[in-house]
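K.L.:
Quick one: this structure, given as structure tokens, is what I'll be asking you about.
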Amino acid sequence: MYKRQAQKRGVVARHGGNEQNFRVVALSNDAFIAGEVDQMAERLDVDDFLAVSQLVLIPSYFKGESFPLVLIQSFMVEVPVIATRIGEIERMMTLDSEHKGGILIDLKDGKVDPEDLTEAIIKMVTDQNFYDECKNSVRLLKERFDIKNVAKNYLALYKRVLD
């Protein structure tokens, strides 16, 4: 059964000012279950919130969602993600057909279905084995997006092109 940590609360931190499209949600397990979620205005220290979170939501419905940095920020602090399957999010979250850094949900009529989002959250906070698998995948995704590895790959590409 899932182990609860009572001292944590949930935090919702928006990137940008659009009330309808919050982009970062950091929830602890107990906060979600108990409904104790604090909403905050735009923050510059989102990494600090992500680092103490157990789950990040990216329920974007923006068709041009090309490369959300909050996804990489989540990987860097080894936190699994629930996100919509839009733009490059799926490619960024996927190691292979069986390993992802969280759960991808589909948009319905261009919007996030609250029931799909709720089901994904419940799965993540109640299925410890699934959560651990996602967390292990996130550790590997962290390596993929680590700036040292990205720089090394770019340098190798530039050398091949110039040779």
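K.L.:
Which numbered condition trips up residue 25, out of (1) at pLDDT below 65; (2) outside any strand (DSSP E or B)?
P.N.:
(2)
K.L.:
I'm trying to understand the selection: among the residues of the stretch 97-134, which are part of a loop (DSSP other than H, G, I, E, B) and either within 25 Å of residue 62 (Cα to Cα) or in contact with a helix residue (DSSP H, G or I) (Cβ under 7 Å, 6 or more places away or on another chain) (or both)? Show your work before the answer.
P.N.:
Taking the stretch 97-134 as the starting set, the residues that turn out to be part of a loop (DSSP other than H, G, I, E, B) are 97-98, 101, 106-107, 109-110, 112-113, 127.
Correct list: 97, 101, 106, 107, 109, 110, 112, 113.
K.L.:
Working only within the stretch 76-96, note down all residues that are assigned to a loop (DSSP other than H, G, I, E, B) and closer than 17 Å to residue 131 by Cα. Let's see the steps before the verdict.
P.N.:
Residues of the stretch 76-96 that are assigned to a loop (DSSP other than H, G, I, E, B), as a first pass: 77-80, 85-88.
77, 78, 79, 80 - these are the residues of the stretch 76-96 that are assigned to a loop (DSSP other than H, G, I, E, B) and closer than 17 Å to residue 131 by Cα.
K.L.:
Has the stretch 128-141 got at least one residue that is in contact (Cβ under 8 Å) with a residue 40 or more places away in the chain and more than 12 Å from residue 75 (Cα to Cα)? Spell out how you get there, then give the answer.
P.N.:
Restricting attention to the stretch 128-141, the residues satisfying the condition of being in contact (Cβ under 8 Å) with a residue 40 or more places away in the chain are 128, 131, 134-135, 137-141.
The next check asks that each one be more than 12 Å from residue 75 (Cα to Cα); those that pass are 128, 131.
Yes, that holds for at least one residue.
The values are calculated or read from the model by the stated rules, or taken from the named source; none is laboratory data. Worth saying up front: this structure is predicted, and the values here are computed from it rather than measured. Positions of Cβ are backbone-derived with ideal geometry, glycine not excepted, and every protein chain shown enters the neighbour counts.
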